[in-house]
Amino acid sequence: MDLDTLRTATLGFVEAHKAWAPLIAGALAFCESVAFLSLLVPATVILVGIGALVGAAGLPFWPVVAAAAAGAALGDWLSYEFGRHYKDGARRMWPMRRFPRLVARGERFLARWGAASVAVGRFFGPARAVVPLIAGMFGVARLPFQIANLASAVVWAFVLLAPGAGLVEWLKG
């Protein structure tokens with residue numbers, strides 16, 4: 001199944017079954033935030049489409065944002081705990097061992113920004129899912145990690161969904 005077919009089918013389902021929108025947004029955000037699962041699931045494109053459906057089909061905005069934020073935060077937390085548990089051994093596991101340059105970039109990013117790298121990294125494609133894993137591997141303390149994780153998940157979900165939901169039109173009006 002190609003990306004366009006998956007996007008169309010998912011958005012068609014959400015439009016037909018509006019009550020499922022928050023759950024689907026949460027699941028997609030979770031997949032987008034779990035280390036390397038994000039490479040397999042084209043969640044960002046579909047989430048932007050769900051944002052557009054919020055505006056066009058009258059879906060409730062805040063429950064969808066809350067669910068997407070919760071899914072993103074849970075995905076990052078899972079990646080963090082995986083890295084914390086396996087430590088340096090995680091870099092020898094698939095798919096980490098196949099992307100050594102991505103891991104090295106994530107390590108440099110984390111060394112430069114500390115726990116804030118989780119918040120900053122959420123807005124940069126491949127770093128979004130790798131930085132929490134590396135934060136766990138490096139032993140970043142849980143409280144600073146979770147503060148950055150939760151705060152950035154809410155902002156990320158809002159930024160991703162609000163434009164399609166009519167924020168731009170609302171700001172113009």
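Scanning region 39-56 for residues that are closer than 23 Å to residue 5 by Cβ and among the small types (Gly, Ala, Ser) turns up 43, 49, 51, 52, 56. Pairs meeting the criteria (first residue in region 36-47 and on the phi > 0 side of the Ramachandran plot, second residue part of a helix (DSSP H, G or I) and buried (at least 18 other Cβ atoms within 10 Å of the Cβ), beta carbons under 8 Å, at least 6 apart or on different chains) are 36/96; 36/129; 36/130. Take the conditions (1) touching an Asp or Glu at 6+ places or on another chain (Cβ under 6 Å); (2) surrounded by 18 or more Cβ atoms within 10 Å (Cβ to Cβ); residue 57 misses just one of them, which is (2). Candidates in region 60-80 are the residues that are of a type in the set (Phe, Trp, Tyr) and under 16 Å from residue 22 (Cα atoms); of these, the one that is modelled with the highest pLDDT is 62. Within region 4-45, the residues that satisfy the criterion of being of a type in the set (Val, Ile, Thr), at pLDDT below 90 and assigned to a helix (DSSP H, G or I) are 5, 8, 10, 14, 44, 45.
The residues in region 91-129 that are more than 22 Å from residue 71 (Cβ to Cβ), out of contact with any Ser or Thr (no Cβ under 9 Å at 6 or more places or on another chain) and small (Gly, Ala, Ser) can be counted, and the count is 2.
The lone criterion from (1) under 15 Å from residue 33 (Cα atoms); (2) outside any helix (DSSP H, G or I) left unmet by residue 70 is number (2).
Per-residue answers, yes or no, for (1) more than 26 Å from residue 5 (Cα to Cα); (2) in contact with a helix residue (DSSP H, G or I) (Cβ under 6 Å, 6 or more places away or on another chain):
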{"site": "25", "(1), (2)": "no, yes"}
{"site": "37", "(1), (2)": "no, yes"}
{"site": "58", "(1), (2)": "no, no"}
{"site": "86", "(1), (2)": "yes, no"}
{"site": "89", "(1), (2)": "yes, no"}
{"site": "97", "(1), (2)": "yes, no"}
{"site": "109", "(1), (2)": "yes, yes"}
{"site": "123", "(1), (2)": "no, no"}
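Of the set (1) over 13 Å from the mean Cα position of the chain (by Cα); (2) more than 19 Å from residue 73 (Cβ to Cβ); (3) of a type outside the set (A, V, I, L, M), all apply to residue 42 but (1). The criterion of at least 1 residues that are at pLDDT 80 or above, over 12 Å from the mean Cα position of the chain (by Cα) and surrounded by fewer than 18 Cβ atoms within 10 Å (Cβ to Cβ) is met, among helices (runs of 4 or more DSSP H) falling completely within region 81-173, by 100-113, 116-121, 142-165. Checked against the criteria, residue 129 does not count as farther than 16 Å from residue 39 by Cβ and among the aliphatic types (A, V, I, L, M).
The values are calculated or read from the model by the stated rules, or taken from the named source; none is laboratory data. Remember, predicted model here, so these are calculated numbers, not experimental data. Using ideal geometry, Cβ is built from the backbone for each residue, glycine included, and neighbour counts are taken over all protein chains shown.
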